[in-house]
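The values are calculated or read from the model by the stated rules, or taken from the named source; none is laboratory data. All figures in this text were calculated on a predicted structure; none of them were measured in a lab. Cβ placement follows ideal geometry from the backbone for every residue including glycine, while neighbour counts extend to all protein chains displayed.
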Amino acid sequence: MSAATRGAGAQPDERATRAASGGRDAPGAGGRACGDPAVGATRARLGPAPRVTVATDAALAARSLLVQRDLDDAAWDALLAASELLAGDRGRRPLLAGLRFAMLFLAPSLRTRTAFEVACHDLGAHAVPLQPGEGSWTLEHRDGVVMDGAAAEHLREAVGVLARMVDGIGLRAFAGLRDAADDLAEPVLAAAARASGVPLLNLESALDHPHQALADALTLRRQVGERCKVVVTWAPHVRPLPMAVPAAAVQAFAREGHDVVLAHPEGFELPDAVLDAARASAARRGGTFTVTHDREAAFEGARVVYAKAWGSARHYGEPAEVASAAVRRPGWMVRERDLQRGDRAFFMHCLPVRRNVVVEDALLDGPRSLVFEQAAARLDVQRATLCRAAGVDPASQEPS
Ligand code: CP
């Protein structure tokens, strides 16, 4: 299984890997490619995740953004403050003039790729977007394999080469959704981190989406600005999707000191490592974190309802089970009437979203929806993480 055709190139979200699966929304969870082994029957409870380690170089680690748990609270707050400093026209300054950043997209993107490329442009840097399998070689990420399959290049060489030509690398590599233990280990992100001698930015990995998390936190600071009840709710979908966004969201909102409620049907538990991180952040930052299967009760008094579909931990690697009507649970689609249980509740979603499957039209198109505010915040956050990767403090270079 090459990175571009399996874990690293899997497209379990709306973002189907065209090169590997032949088309967006191709059938089958994760868009398995020919030659992949049979879907694993891994049903293991999603236990603690190993820590993703960057190179031993502490300075390099401090400029990389791999998983949220790597950021201490000071670094988190500094990134959000820098995002505000760089918002709007204040971010259109050549703070990174002459620098170059590569993007390795092993899965499709609209917002992330655009934010990265526009942020580089705004800051005077050059962006090199690469989509392995479409314009650059398909990649293998595992060590010690005989590369006699579809992959033409190993991630070690690809990242090693890029690191000699650019000042930072962004990487998107979704969960494979076949083997829970494999996904928990963040194999592609970890392999890239080991191979890269320049800062590495996680543009969504198996179990985290730190840029989306920062943008969502920023959006909530802007729109609400005080401690509130935030419900992160599971939503139905026609395919099993990764857990990166809900995992990112609960960690982010807990770190922001909100009263976070994670609502999902039984069988859709997030990994223990994610729940533990959210609980620890809530305790440290003065909020709360609870998990419930009672969606109606969860919405009572909510200021924010954040919807996301994700696959069942119980049926990991079994797309047919996940897609069954019983598991799809259309009653969990978020509707306007759900928000009416809340307290002037806003609706949030990272996008892309399936209308009238995840959320009804009226809510998505209505005045309580913050989806465009969230997307706009991605650009502000991207500018901030690029500055951090370059070791540039925007606060020290405020326009006069
Ligand atoms: N929310 C998000 O990351 O969107 P893209 O997949 O389009 O980048």
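Could you tell me whether segment 104-118 includes any residue that is at pLDDT 95 or above, in contact with an Asp or Glu (Cβ under 7 Å, 6 or more places away or on another chain) and assigned to a strand (DSSP E or B)?
No, because not a single residue in segment 104-118 is at pLDDT 95 or above, in contact with an Asp or Glu (Cβ under 7 Å, 6 or more places away or on another chain) and assigned to a strand (DSSP E or B).
Is there a residue in segment 81-92 that is modelled with pLDDT of 95 or more, crowded, with 17+ Cβ neighbours inside 10 Å and under 16 Å from Gly170 (Cβ atoms)?
Within segment 81-92, none of the residues are modelled with pLDDT of 95 or more, crowded, with 17+ Cβ neighbours inside 10 Å and under 16 Å from Gly170 (Cβ atoms).
Tell me which strands (runs of 3 or more DSSP E) are completely within segment 246-365 and hold 2 or more residues being more than 19 Å from Ala215 (Cβ to Cβ), or say none if there are none.
Per the criteria, 259-263, 288-292.
Mind counting the residues in segment 168-220 that are part of a strand (DSSP E or B) and within 16 Å of the ligand (Cβ to nearest atom)?
Number of matching residues: 5.
Which residues, counting only those in segment 216-246, are closer than 26 Å to Ala87 by Cα and small (Gly, Ala, Ser)?
The answer is Ala217, Gly225, Ala244.
If Gln397 passes every condition in (1) polar (S, T, N, Q); (2) more than 16 Å from the ligand (Cβ to nearest atom); (3) crowded, with 22+ Cβ neighbours inside 10 Å but one, which one does it miss?
Only one criterion in (1) polar (S, T, N, Q); (2) more than 16 Å from the ligand (Cβ to nearest atom); (3) crowded, with 22+ Cβ neighbours inside 10 Å is unmet by Gln397, namely (3).
Residue by residue, here is whether (1) within 24 Å of Trp332 (Cβ to Cβ); (2) buried (at least 22 other Cβ atoms within 10 Å of the Cβ); (3) not charged (D, E, K, R) holds:
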residue	(1), (2), (3)
Leu275	yes, no, yes
Ala278	yes, yes, yes
Arg285	no, no, no
Thr290	yes, no, yes
Ala298	yes, yes, yes
Ala302	yes, yes, yes
Tyr306	yes, yes, yes
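Would you mind stating whether Ala185 is surrounded by fewer than 23 Cβ atoms within 10 Å (Cβ to Cβ), among the hydrophobic types (A, V, I, L, M, F, W, C) and at pLDDT below 95?
Against the criterion (surrounded by fewer than 23 Cβ atoms within 10 Å (Cβ to Cβ), among the hydrophobic types (A, V, I, L, M, F, W, C) and at pLDDT below 95), Ala185 qualifies.
Of the conditions (1) crowded, with 24+ Cβ neighbours inside 10 Å; (2) without any contact (Cβ under 8 Å) to a residue 12 or more places away in the chain, Ala175 fails just one. Which one is it?
Every listed condition holds for Ala175 apart from (2).
Being farther than 23 Å from Gly88 by Cα, out of contact with any strand residue (DSSP E or B) (no Cβ under 9 Å at 6 or more places or on another chain), more than 16 Å from the ligand (Cβ to nearest atom) and in contact (Cβ under 8 Å) with a residue 24 or more places away in the chain narrows it down to one residue among Ser312, Ser324; which is it?
Ser312
Only one of Gly133, Gly149, Gly144 is under 30 Å from Pro271 (Cβ atoms), without any contact (Cβ under 8 Å) to a residue 12 or more places away in the chain, assigned by TED's automatic domain parsing to the domain that holds Val188 and away from the ligand (no atom under 16 Å from the Cβ). Can you tell me which?
After ruling out the rest, the residue left standing is Gly144.
Within segment 225-242, can one find any residue that is among the basic types (Lys, Arg), crowded, with 17+ Cβ neighbours inside 10 Å, in contact with a strand residue (DSSP E or B) (Cβ under 8 Å, 6 or more places away or on another chain) and not assigned by TED's automatic domain parsing to the domain that holds Asp182?
Looking for residues that are among the basic types (Lys, Arg), crowded, with 17+ Cβ neighbours inside 10 Å, in contact with a strand residue (DSSP E or B) (Cβ under 8 Å, 6 or more places away or on another chain) and not assigned by TED's automatic domain parsing to the domain that holds Asp182, one finds at least one in segment 225-242, hence yes.
Within 16 Å of the ligand (Cβ to nearest atom) and outside the structural domain of Leu79 (by TED's automatic domain parsing): does that describe Leu363?
Answer is no for this residue.
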